[in-house]
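The values are calculated or read from the model by the stated rules, or taken from the named source; none is laboratory data. Here the structure is a predicted model, which is why all the values come from computation and not from measurement. Ideal geometry is used to build each Cβ from the backbone, glycine not excepted, and the neighbour counts take in all protein chains shown. With ligands, DNA and RNA removed, areas are computed over all heavy atoms of the protein, side chains included. Shrake-Rupley method; radii C 1.70, N 1.55, O 1.52, S 1.80 Å.
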Amino acid sequence: MTFFKPKILTSFKGYKAKNYLSDVVAGIIVAIIALPLSIALAIASGATPETGLFTAIIAGFAVSLLGGSKVNITGPTAAFATIVAGIIATNGMDGLLIATIMAGIILVIMGLCRVGSLIKFIPHSITVGFTGGIAVTLVIGQIKDFLGLTYPAGTNAIETIDKLKLIFENITTFNPWAFGIGMLGLAILIAWPFILKKVPGSLIAVIVSALVCLIPIINVNTIGSLYTISSSLPTPRLPAFSWEKALAVLPNAFTIALLAGIESLLSCVVSDNMIGDKHSSNTELIALGTGNILVGFFGGIPATGAIARTAANVKNGGRSPLSGITHALVLLLVLTLLMPLASYIPMPIISAILFIVAYNMSEWRKFVAIIKSKKWNDILVLVTTFALTVIFDLVKAIAVGLVIHYAIVLVKFIIAKHKAKKDNDNNDNEQTKNSDEE
């Protein structure tokens, strides 16, 4: 079992009371950051608010307990929002749970087959392309609530282009109160880190906006006006399984597994550099797969390593899996004791939080750097992957991006081989000519 070595088995060597305190404090702070994000990402995914917390609690606990990184924080991320929303819209919540469980099984198999290190062969231009595309689709999906638009009953757009069309068709339903609350939230989210970094700006934005919306004259949709909030603990259940539905969501399951593996291992690399450690990629994949299987049985949405929350964990003193476990337990307490208060959160604030998430995940600087590099093959793969992610979906984007990238690699290899053969032939001819002259 050399490929499965949970970090929790070796993290407490020389562990002292001050280390325990640092981990617990870091876990509490990360839970405060994860709380509004988990709710917002669940709503963006077309699921109920509490499913985001289910995911952060179950996957966060399981991966911290079994994972190959000391400090990686696992939970729902923006990368899955569009994929999950599409699965729910076409195959229902049961289809999503089946896809999540299947993705978990795929991740476990990947870990057992020791392919964790192979993920690094996913070209950089593809990851930057689909990450930027996901950010754009996330922003477009949130414009409706940020502007307070009202759509005709029964309207349900899945594709990004259809969402844009609906925005323009219904722009006359613009709600200035919603826009004002959204702008207030954006202002707080942008300015707060300059005031007090220890307290997450998203939490302040949620509290301030909820208090403002208690003013009777302000007419803005809240989570409670659109969703039924539940504070009950998640209970395991089997989704309604059929082979037809399983085959329908199988491509999505592979996409979820691949994306989860890439994002989680990237998060591990970032945290390794921050704390001077080295993660076990195959152990992390097995733990991540196990976490997603559990999430699927408990009614959550797909989970992966969250780079921003992991970085916050390290910056606040987290140095062992205890911080991730603490983060999950704190969220469990919030779910059971404070979840009804989430009904007062205005929908435009959810959009504002996700706008900031989209900006932070967009990697636009890397996007621009690839364009400026003037390497036509990287630019072609980048732009193609980005465009297909926005116009169609992530499955097509990654598949086409990989085909183009490795087709170019193959063509370059053949050309190089042909050139080398031609050079050898020329050298041989030159040597023969010299021999004849002698």
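Points to keep in mind about this one:
- One residue stands out among those in the stretch 172-198 that are open to solvent by 50 Å² or more (accessible area, probe 1.4 Å) and of a type in the set (A, V, I, L, M): the one that is nearest to L147 (Cα to Cα), which is M183.
- The residue list G276, G318 contains one member that is open to solvent by 10 Å² or more (accessible area, probe 1.4 Å) and closer than 18 Å to S69 by Cβ, which is G276.
- Within the stretch 234-262, the set of residues being under 27 Å from R309 (Cβ atoms) and open to solvent by 40 Å² or more (accessible area, probe 1.4 Å) comprises T235, P236, F254, L258.
- If you go through the stretch 9-60 and keep only what is part of a loop (DSSP other than H, G, I, E, B) and surrounded by 24 or more Cβ atoms within 10 Å (Cβ to Cβ), you end up with S45, A47.
- Within the stretch 348-373, the residues that satisfy the criterion of being out of contact with any Asp or Glu (no Cβ under 7 Å at 6 or more places or on another chain), aliphatic (A, V, I, L, M) and more than 30 Å from L226 (Cα to Cα) are V368, A369, I371.
- A62 being over 21 Å from K396 (Cβ atoms), under 13 Å from the mean Cα position of the chain (by Cα) and touching a residue at least 40 places away in the same chain (Cβ under 8 Å): no
- Qualifying residue in the stretch 146-158 (condition: over 26 Å from the mean Cα position of the chain (by Cα) and hydrophobic (A, V, I, L, M, F, W, C)): yes
- Of all residues in the stretch 161-208 being of a type in the set (S, T, N, Q) and in contact with a Phe, Trp or Tyr (Cβ under 9 Å, 6 or more places away or on another chain), the one that is nearest to S225 (Cα to Cα): T173
- Every residue from the stretch 321-333 that is over 22 Å from P6 (Cα atoms), open to solvent by 30 Å² or more (accessible area, probe 1.4 Å) and within 22 Å of the chain's Cα centre (by Cα): V330, L332
- Considering the stretch 293-313, and only residues there that are under 16 Å from S45 (Cα atoms) and among the β-branched types (V, I, T), the residue that is farthest from the chain's Cα centre (by Cα) turns out to be V295.
- Among the residues making up the stretch 271-302, those that are among the aliphatic types (A, V, I, L, M), part of a helix (DSSP H, G or I) and under 17 Å from F61 (Cα atoms) are L285, I286, A287, L288, I293, L294, V295.
- Candidates T82, T131, T127 - the one that is open to solvent by 40 Å² or more (accessible area, probe 1.4 Å), within 18 Å of F392 (Cβ to Cβ) and either touching a Gly at 6+ places or on another chain (Cβ under 9 Å) or touching a residue at least 60 places away in the same chain (Cβ under 8 Å) (or both): T82
- Check on I379, within 17 Å of I83 (Cα to Cα) and under 25 Å from the mean Cα position of the chain (by Cα): no
- Among the numbered conditions (1) touching a residue at least 60 places away in the same chain (Cβ under 8 Å); (2) open to solvent by 30 Å² or more (accessible area, probe 1.4 Å), the only one that D162 does not meet is (1).
- Among residues of the stretch 374-417, those that are β-branched (V, I, T), in contact with a Pro (Cβ under 8 Å, 6 or more places away or on another chain) and open to solvent by less than 30 Å² (accessible area, probe 1.4 Å), counted: 1
- Residues of the stretch 334-361 that turn out to be open to solvent by less than 20 Å² (accessible area, probe 1.4 Å) and among the polar types (S, T, N, Q), as a count: 1
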